[in-house]
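The values are calculated or read from the model by the stated rules, or taken from the named source; none is laboratory data. As the structure is a computational prediction, the values presented were derived from the model and not from experiment. Glycine gets a Cβ as well: all are built from the backbone with ideal geometry, and neighbour counts include every protein chain shown. SASA here: full protein model, heavy atoms, side chains in, ligands and nucleic acids out. Shrake-Rupley method; radii C 1.70, N 1.55, O 1.52, S 1.80 Å.
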Amino acid sequence: MEDLSLSDVSYSINSNSILEKISFSVGPGDWLCIAGCNGSGKSTLLRLMAGLIGPSHGCIQFGGTAFKDLPDKDKKISILSQRSNVNACLTVQDLVCLGRYPYLPSWGVRFSEADWEQVSYAIDFVGLNDLRDRSLDSLSGGERQRAFLALSLAQNGSILLLDEPTNHLDIVAQNQILNLLEKMANSGKIIVSVFHDLNHISRYSSHLALMRQGQLLEFGPTDHVFRSQSLSETFGLAIRVVEHEGQRCALY
Amino acid sequence: MKWFLYTLFIGWVWSRFLELMIEIAKDTRNHIAGLSMKFISFLGLLWILVIVFVLSLCVGDSPIGFEDLWDYVSGTSSSETTVLVIRDIRLPRTLAALLTGSALGVSGAMLQGMLRNPLASPFLLGISSGSGVCVVILFSLNSLAYWIPLGAWLGAVVSALIVFCIAYDQKRISLERLILSGVAVSSVLGSVQAIFLLRSDDTRIQNSLTWLSGTLAGREWGDLTFTWIPIVLCLLCSFVFAKQLNLALLDDDTSRSLGLSLTRLRILIGVCATLLTACSVCIAGLVGFVGLVIPHIARLLCGGNFVYVLPFSGVLGALTVVAGDLIARMYLWELPVGIVTALFGSPFFIYLLRKRRMEGNV
């Protein structure tokens, strides 16, 4: 089983502790949501899991191999950050093709049949087939975000890390993105995402990690962790979890 | 008057051609006989470059007919003057224009991609001021002309090196620091240059200003001996970076997760672009406009993908400088090529931008 596991992971900058002794493990098909106030270390944790920064202490492993020894990391882990952006007038297809770059030989720029198939599959999956030749500048926020999701999908990694992927989107676009992510999790990928909307967390995630001031307060299946007391403690607010037609909702 | 009308006519034909190509390139699904439109546009540009190149060999103080040129190429030329003019004057000068233009176009495109800044140009990293100050000092010291290209090259490389050293911190190069240190170093060197210019006499000031505007007058084989190899090598290398430059269009985290090492890319592009610019400065002085605007025109033609932007920028840059030099030679007193490219290129670029804005694409 290719699990993503963190054991005693800490991260500090100039002796300033950002994350302290974080440990948990998620497996294929799991969708882990990380929740907490701004500045609680969620994005740093995601960047650590993406291998963009190294932990000060502890170890992050994927499939039993430590990250620093992991071959082809760029083919296994995708990240869609809060600031995902492209500084040029690329078409949707050009953007999604970037996801296949780790598979190209170092000197080559020509894609194989398999690369093109994966690109077409990714564009189809997010429903942008009619817009594949359109410039990104001409797309709506939701379509743009779906194009970036297709880029991650084209990369065909086992782990997808997302930092607030539904930011600034209307509820229709939010639903589209969340349903796509659910399909991706069902296909056996590990999804780790940061969300601020607690109702998204209860509706979609399988696991929940609650963070406060760089510490992991609670981790476990969402059904166990998504409780009034844990959420109130995490956010320092009176949060009540109620059940409505079989769905748990947070009121605050 | 005759030449002026020719110039206007060439300008008009050129603008219609580019406009047509933009229209064609916009439709990416458009193919003719299995060839993509981008490829056909590129071949079209290459073809025009060949025509302008041939014209550049024929036009000048002593006009040479196409037949004379053909005789020279086939080695059956009987006129010694023709051979002399083509071999020793026109050919090296046109090749110098070709190398300068392609070097500036490609290094501009690379730097705009690497710095993620549409206003970046090869002269942003202190290269122009570094070589400018060295050349002005050499002119004011009344040094041998032989040292001027070498001085320009050294000044460009050293100032770019200083800018990169300032921006390098904790094993990474921040783009903001790179751009701002480029501006700061340029300001300091610009002031030193101004001091030397103010202290010089009129002839030296005129010589310096001609060089600072970019000129190809009197270029001969000797000026290309040490510069053509690095330019050709760096141009070839630059096409290897197309893939990395595409990834660098993304934000830092996403591009790194796709396997890009940003610091390595910034250093390699810095070295390649600096060498290209330094060599072009060494040949022709400071030819402005090309490095800044040509990559934008290339992007209007072929989109943002660097696999296309780099070759398009190279060919368009070469075309602009060769055509600019051709126009510069048509008048009674010869204009520096940098002035011609800026004078004719900028209004055309403004026209392209406005046209695109009216169509709602920018």
Say each of A:F24 and A:N38 gets a label point 7 Å from the Cα, pointing the same way as Cα to Cβ; how far apart are those two points in nm?
2.2 nm
Accessible area (Å², 1.4 Å probe, nearest 10) - B:F66:
130 Å²
Candidates B:Q244, B:Q170, B:Q112; GNM for chain B (alpha-carbon contacts under 10 Å) flags as most fluctuating B:Q170
Looking at chain B, how many pairs of lysines come closer than 22 Å at the Cα, when each pair is eight or more places apart or spans two chains?
5
Segment A:4-251 - accessible surface per residue (Å², probe 1.4 Å):
44 Å²
Rg (Å, one decimal) plus Dmax (Å, integer) for the alpha carbons of segment A:117-252?
16.6, 50
Calculate the spin-label point distance for B:V240 paired with A:K75, positioning each point 7 Å from the Cα along the beta-carbon direction, and give it in nanometres.
2.2 nm
Return the value, in Å² to the nearest 100, of accessible area buried between chains B and A (probe 1.4 Å, both sides summed).
2200 Å²
Note, segment B:287-299: 3J(HN,Hα) by Karplus (6.51, -1.76, 1.60, θ = phi - 60°), whole Hz, Gly/Pro = x, goes 8, x, 6, 4, x, 7, 9, 4, x, 5, 5, 4, 5
Could you derive backbone 3J(HN,Hα) for segment B:186-198 from the dihedral phi with the Karplus parameters 6.51, -1.76 and 1.60 (θ = phi - 60°), listing whole Hz in sequence and x where the residue is Gly or Pro?
4, 4, 4, 5, x, 5, 4, 4, 4, 4, 5, 5, 5
At 1.4 Å probe size, with no ligands or nucleic acids counted, give the accessible surface of B:F348 in Å², nearest ten.
30 Å²
Around A:L208, which amide H atoms from residues at least 5 apart in sequence, or from another chain, sit under 5 Å from its own amide H, with H modelled in the peptide plane?
A:C33, A:G220, A:T222
Between A:R240 and B:S79, how many nm apart are label points set 7 Å from Cα along the C-beta direction?
10.1 nm
Test assert for segment A:18-54: residues whose accessible surface shrinks by at least 40 Å² between chain alone and all chains, 1.4 Å probe, equal A:L52
For the protein assembly as shown, what are Rg and Dmax over the alpha carbons, in angstrom?
29.0, 100
Just to verify a number: FRET efficiency for A:A114 and A:K183, C-beta to C-beta distance, R0 = 25 Å, to 0.05?
0.70
With eigenvalues of the C-alpha gyration tensor scaled by 5 and rooted, segment A:4-251, Å
31, 23, 15
Take the Cβ-Cβ distance between B:E67 and B:W221 as r, set R0 to 30 Å, and report the resulting FRET efficiency rounded to the nearest 0.05.
0.75
Please give the charge dipole size of segment A:4-251, origin at the Cα centre, charges +1 on K and R Cβ atoms and -1 on D and E Cβ atoms. Round to the nearest 20 debye.
400 debye
Inter-part gap, Cα centre of segment A:215-232 to Cα centre of segment A:30-101, in whole angstrom, is 24 Å
Heads up, I need the accessible area for B:E334: 1.4 angstrom probe, whole protein in place, Å², nearest 10.
80 Å²
log₁₀ of I(q)/I(0) at q = 0.07 Å⁻¹ - segment B:97-358, Debye sum with one point per alpha carbon
-0.23
Using the scaling law 2.2 N^0.38 Å as the reference, what is the normalised Cα Rg of segment B:159-235?
1.50
Once the Cβ-Cβ distance between A:K68 and B:A184 is put in as r, and R0 is 35 Å, what FRET efficiency do you end up with, to the nearest 0.05?
0.40
Phi-based couplings in Hz for segment A:28-45 (Karplus 6.51, -1.76, 1.60; Gly and Pro marked x)
x, x, 7, 10, 9, 9, 10, 10, x, 5, 4, x, 7, x, 5, 5, 4, 4
Just report the Cα centroid separation between segment B:181-253 and segment B:48-116, whole Å.
21 Å
Of the accessible area of segment A:4-251, with the probe set at 1.4 angstrom, what percent is carbon plus sulfur?
45 percent
Probe radius 1.4 Å, ligands and nucleic acids left out: which of A:W116, B:W47, B:W147 has the largest accessible area, and how do the rest follow?
B:W47, B:W147, A:W116
Accessible area of segment B:97-358 belonging to carbon and sulfur atoms, whole % at 1.4 Å probe
69 percent
Give me the accessible area per residue for segment B:97-358, probe 1.4 Å, as a whole number in Å².
39 Å²
Considering only chain A, what is the antiparallel percent among its DSSP beta bridges, to the nearest 5?
60 percent
